[in-house]
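Structure first, then comments.
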Amino acid sequence: MLPRNLNVVAVAYDRLAFFEFGIAVEVFGLPRPDINPWYRFATCTAESGPIRTLAGISLQIDRGLKTLDRAGTIIIPGWRDIDERPPEALLRALRRAHDRGARVMSLCSGAFVLAAAGLLDGRAATTHWRYAERLQRDYPDTHVDPKVLYIDGGSILTAAGSAAGIDLCLHVVRRDFGAETANKVARRLVVPPHRDGGQAQFIDRPVTKCEDTRLASLLQWLQAHLTAEHSIASMAERASMTSRTFARRFREQTGTTPAKWLAFERIKLAQRLLETTTLGIDQIAARSGFASAQLLRIHFRKIAGRTPTAYRTAFRQRR
């Protein structure tokens, strides 16, 4: 079931962080006629006159804060200066929107705006690692986690710096439309499907693209044969390498070990099955390459931060 309100509004401000703003436009603002219905995107501002950006471009924005009254999702794409308190009118509008049930999300230093509005009090949140200590000091009632990519608190979502904003936006698409649509958007962006995990703890997704053509071909083959058993020796042979060279090159290219990479890919498949089917845990374990449901549960909790059943329940509640 899709969200009742597909209106997405990004808040622009003078000296706008253009990259974070561009992420919001790219994910939610581009027309996608092959996905219907889709989000309705708008931009508003609390300030008058042209909005200057850090890219040297000025924007003329005609919509004011009343636009937030109709938003289902509000995005704060960074903030211009962590030493400057955001306009009180903006903070009041954010509180009103949240009180009526709007989803509010920040990218990078935008967490300071949510914190100034009191929306992060008693909540877990994240921001760019450079600002995490300052956010915690200025807003001690916020539980700041500087290690994660993003945190989904239900109605309040926060992302770390730069590219983590893409991960969070794709995560929102996945919440709203499901994994297949999120993957379709990711392909349009020419990025891997978003990094996913438990609600408050998110892990780095192993790299799935590499420069070594032999490894790239192997990774593609492994993704199509996750239910088979794979050893270092068998994978090295398929990649035409010695086992020692294979293990070294695999870590260099993916940033992790073959065993961890396989576990992550299998959990990713299990997540899709939990989202899109009514299969039991035993069946999902078999289809995603785990020898037993118990092994699936162990790896799922380690990687996704919750049990498969809890993940399925949470996903259905958000749809």
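The values are calculated or read from the model by the stated rules, or taken from the named source; none is laboratory data. Nothing here was measured: the structure is a model prediction, and the numbers come from that model. Counting neighbours? That spans all protein chains shown, and the Cβs are built from the backbone with ideal geometry, glycine included. Side chains are part of the model used for accessible areas, which takes the heavy atoms of the whole protein and leaves out ligands, DNA and RNA. Shrake-Rupley method; radii C 1.70, N 1.55, O 1.52, S 1.80 Å.
Descriptive notes on the structure:
- One residue stands out among those in the range 89-108 that are touching a residue at least 60 places away in the same chain (Cβ under 8 Å), open to solvent by less than 10 Å² (accessible area, probe 1.4 Å) and under 23 Å from the mean Cα position of the chain (by Cα): the one that is nearest to ARG70 (Cα to Cα), which is ALA102.
- Those residues of the range 254-267 which are more than 15 Å from TRP221 (Cβ to Cβ) and either of a type in the set (Phe, Trp, Tyr) or open to solvent by 30 Å² or more (accessible area, probe 1.4 Å) (or both), in sequence order: GLY255, THR257, ALA259, LYS260, PHE264
- Flag for TYR139 being aromatic (Phe, Trp, Tyr), open to solvent by 50 Å² or more (accessible area, probe 1.4 Å) and in contact with an Asp or Glu (Cβ under 9 Å, 6 or more places away or on another chain): yes
- Residue match in the range 177-190 (condition: part of a loop (DSSP other than H, G, I, E, B), under 28 Å from ARG297 (Cα atoms) and at pLDDT below 90): yes
- Of everything in the range 134-169 that is at pLDDT below 95 and of a type in the set (Asp, Glu), the residue that is nearest to ARG187 (Cα to Cα) is ASP167.
- Counting only residues that are open to solvent by 60 Å² or more (accessible area, probe 1.4 Å) and under 15 Å from ALA216 (Cβ atoms), the range 236-248 holds 2 of them.
- For the range 194-218, filtering for residues that are out of contact with any Lys or Arg (no Cβ under 6 Å at 6 or more places or on another chain), buried (at least 17 other Cβ atoms within 10 Å of the Cβ) and at pLDDT 70 or above leaves 1.
- Residue-level check: of (1) open to solvent by 60 Å² or more (accessible area, probe 1.4 Å); (2) under 21 Å from the mean Cα position of the chain (by Cα); (3) under 15 Å from ARG214 (Cβ atoms), THR276 misses just (3).
- Residue match in the range 52-63 (condition: within 21 Å of ARG96 (Cβ to Cβ) and buried (at least 19 other Cβ atoms within 10 Å of the Cβ)): yes
- ASP152 being among the acidic types (Asp, Glu) and either crowded, with 21+ Cβ neighbours inside 10 Å or within 18 Å of HIS171 (Cβ to Cβ) (or both): yes
- Count of the range 13-47 residues, restricted to those that are open to solvent by less than 40 Å² (accessible area, probe 1.4 Å) and of a type in the set (Lys, Arg), is 1.
- Which numbered condition TRP221 fails, given (1) modelled with pLDDT under 85; (2) more than 30 Å from THR158 (Cα to Cα); (3) open to solvent by 60 Å² or more (accessible area, probe 1.4 Å): (1)
- Condition broken by SER288, with the remaining ones in (1) closer than 25 Å to ARG175 by Cβ; (2) hydroxyl-bearing (Ser, Thr, Tyr); (3) open to solvent by 10 Å² or more (accessible area, probe 1.4 Å) satisfied: (3)
- Any hit, the range 5-12, residues being part of a loop (DSSP other than H, G, I, E, B) and surrounded by 13 or more Cβ atoms within 10 Å (Cβ to Cβ): yes
- Qualifying residue in the range 1-13 (condition: out of contact with any strand residue (DSSP E or B) (no Cβ under 9 Å at 6 or more places or on another chain), of a type outside the set (Gly, Ala, Ser) and free of Cβ contacts under 8 Å to residues at least 24 places away in the same chain): no
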